[in-house]
Amino acid sequence: MIDTSDFRNGLSIILDNEIYTIVEFQHVKPGKGGAFVRTKLKNARSGAVIDKTFRAGEKMEQARLERKPMQYLYNQDDEYYLMNTETYDQIAVSKALFGDSVKYLKDGMEVTVIEHDGTVIGAEVPYFVELEVAETDPGVRGDTASGGSKPATLETGAVIQVPFFVNVGDRVKVDTRSDQYLERAK
C-alpha cells in the first residue's frame, strides 16, 4: 500500500479495479481545511485520462507492472504478433492495446509490452522512430526550412506534417507520442 506522499510521475496504482498511471500530480495545501492532491491519471488499458483528487494521506494499492522488450513480427487482421527475443515465445496482442501509435509499427521493430499479473495490458512503440518518406509533394526551389509544412506518407502508412524541403526517400525522425516531425535522419 502507498499513500499520496509517495506519488510521482509514472507510478501505477489500482483504483476501482482499474490500473492507472500518474501522468501529473500536485500537492495543494489551502489556507482552510485539509491538504489534498490533484492528479491526472491515465488508464493503462484504455488510455483515457481522468482528473482525480485525493485527500492527503489517502492509501491505495500500487500496481506492479512489468515491462518487457519484444520484437514486432507481423499482423493479421487486428492481431499483432510479437516475439520475446530471449525465449522466442510469440504472443498475439490486439490492435487496441497499441492505440494510435500502431501506425508506426515496422517489421522487426522493438516494442515494449506491459504486463500486470501475467496479463498483457498494454503495448508501446518507441517514443522516437526513424522512417522513410514514401510519398509527398516534391520540394520547390525557394522553399525554406522555416516556411511551413506539407503532408507526407511514411513507409508504414502514417501521415505527418514535414517541412517543404523533405522529399520522397528521405528518412525522418518522428515523435510517436505527438505525431511530430523532429528532424531528417542521417
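The values are calculated or read from the model by the stated rules, or taken from the named source; none is laboratory data. These figures come from a predicted structure and were not determined experimentally. Using ideal geometry, Cβ is built from the backbone for each residue, glycine included, and neighbour counts are taken over all protein chains shown.
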Subset of the stretch 86-111 [polar (S, T, N, Q) and either at pLDDT below 85 or touching a Pro at 6+ places or on another chain (Cβ under 8 Å) (or both)]: S94, S101
Here is a list of conditions, (1) touching a Phe, Trp or Tyr at 6+ places or on another chain (Cβ under 9 Å); (2) in the same structural domain as I13 (by TED's automatic domain parsing), and V111 meets all of them except one; can you say which number that is? (2)
Just checking, does the stretch 35-53 include any residue being in contact (Cβ under 8 Å) with a residue 12 or more places away in the chain, touching a Phe, Trp or Tyr at 6+ places or on another chain (Cβ under 8 Å), of a type in the set (K, R) and surrounded by 16 or more Cβ atoms within 10 Å (Cβ to Cβ)? yes
Among the numbered criteria (1) assigned by TED's automatic domain parsing to the domain that holds Y88; (2) over 26 Å from V125 (Cα atoms), which one does D6 miss? (1)
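Restricting attention to the stretch 135-145, does a residue exist that is in contact with a Lys or Arg (Cβ under 8 Å, 6 or more places away or on another chain), outside the structural domain of F25 (by TED's automatic domain parsing) and either touching a residue at least 12 places away in the same chain (Cβ under 8 Å) or closer than 30 Å to A35 by Cβ (or both)?
Within the stretch 135-145, one or more residues are in contact with a Lys or Arg (Cβ under 8 Å, 6 or more places away or on another chain), outside the structural domain of F25 (by TED's automatic domain parsing) and either touching a residue at least 12 places away in the same chain (Cβ under 8 Å) or closer than 30 Å to A35 by Cβ (or both).
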Return the pair list, or none, for Cβ contacts closer than 9 Å from residues in the stretch 88-101 that are of a type in the set (D, E, K, R) to residues that are modelled with pLDDT of 80 or more and assigned to a helix (DSSP H, G or I), at least 6 apart or on different chains. K95/V102
Here is a check on your reading of the model: is I114 at pLDDT below 85 and crowded, with 17+ Cβ neighbours inside 10 Å? yes
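Which residue, of K68, K52, is basic (K, R), under 20 Å from N9 (Cβ atoms), in a strand (DSSP E or B) and touching a Ser or Thr at 6+ places or on another chain (Cβ under 9 Å)?
K52
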With the requirement that a residue be farther than 25 Å from G99 by Cβ, part of a loop (DSSP other than H, G, I, E, B) and among the charged types (D, E, K, R), what does the stretch 55-65 give you? E58
Against the definition (in contact with a Lys or Arg (Cβ under 7 Å, 6 or more places away or on another chain) and either of a type in the set (S, T, Y) or at pLDDT below 85 (or both)), how does T53 come out, yes or no? yes
Taking the stretch 169-181 as the search range and keeping residues that are modelled with pLDDT under 85 and surrounded by 13 or more Cβ atoms within 10 Å (Cβ to Cβ), which one is nearest to E110 (Cα to Cα)? T176
So, of the residues in the stretch 6-42 that are among the polar types (S, T, N, Q) and in a strand (DSSP E or B), which turns out to be farthest from I114 (Cα to Cα)? Q26
Out of M83, M70, M60, report the one residue that is closer than 22 Å to R177 by Cα and modelled with pLDDT of 85 or more. M70
